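See below for the structure under consideration.
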């Protein structure tokens, strides 16, 4: 394992998912899954999120689309919160979910909006004052 990539990955992972979440994940690692946690931190976060060509916002958008298409609800919620952390607005997030609905299908869109609502509620974010999005 590359110590440099791991450290970069650890920083990126904490920046997006939050230090408490990452520290808890690493603290729960045992002999069975420690190598997996290190691999994810090094390759996924250091080797991908640590690259400069795309912004964290762009990576969040990509992840939301892929996770919705793959029906990975737990990870979708984690990355929806990360997208908020990365500075995506509620209007941008709504548009992402609408595009997910069109390209991944209505069931994926319904689930994405449901999961997004769970995250917004858990984070105490009130979306009731948003612009309707109509032109």
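The values are calculated or read from the model by the stated rules, or taken from the named source; none is laboratory data. Since the structure is predicted, the reported quantities are computational estimates derived from the model, not experimental observations. As a convention, Cβ positions derive from the backbone with ideal geometry for all residues, glycine included, and neighbour counts pool all protein chains shown.
Of note:
- Scanning region 72-118 for residues that are within 13 Å of residue 60 (Cα to Cα) and assigned to a loop (DSSP other than H, G, I, E, B) yields 86, 87, 88, 89.
- When residue 1 is tested against (1) at pLDDT 95 or above; (2) not assigned by TED's automatic domain parsing to the domain that holds residue 115, exactly one condition is not met: (1).
- Only one of 89, 128 that is loosely packed, with under 13 Cβ neighbours inside 10 Å and over 15 Å from the mean Cα position of the chain (by Cα): 128
- Filtering 46, 109 for residues that are crowded, with 16+ Cβ neighbours inside 10 Å, touching a helix residue (DSSP H, G or I) at 6+ places or on another chain (Cβ under 8 Å) and in the same structural domain as residue 13 (by TED's automatic domain parsing) leaves a single hit, 46.
Yes or no, residue by residue, for (1) in a helix (DSSP H, G or I); (2) in contact (Cβ under 8 Å) with a residue 24 or more places away in the chain; (3) within 27 Å of residue 91 (Cβ to Cβ); (4) assigned by TED's automatic domain parsing to the domain that holds residue 97:
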| site | (1), (2), (3), (4) |
| --- | --- |
| 5 | yes, yes, no, no |
| 16 | yes, yes, yes, no |
| 21 | yes, yes, yes, no |
| 60 | yes, yes, yes, yes |
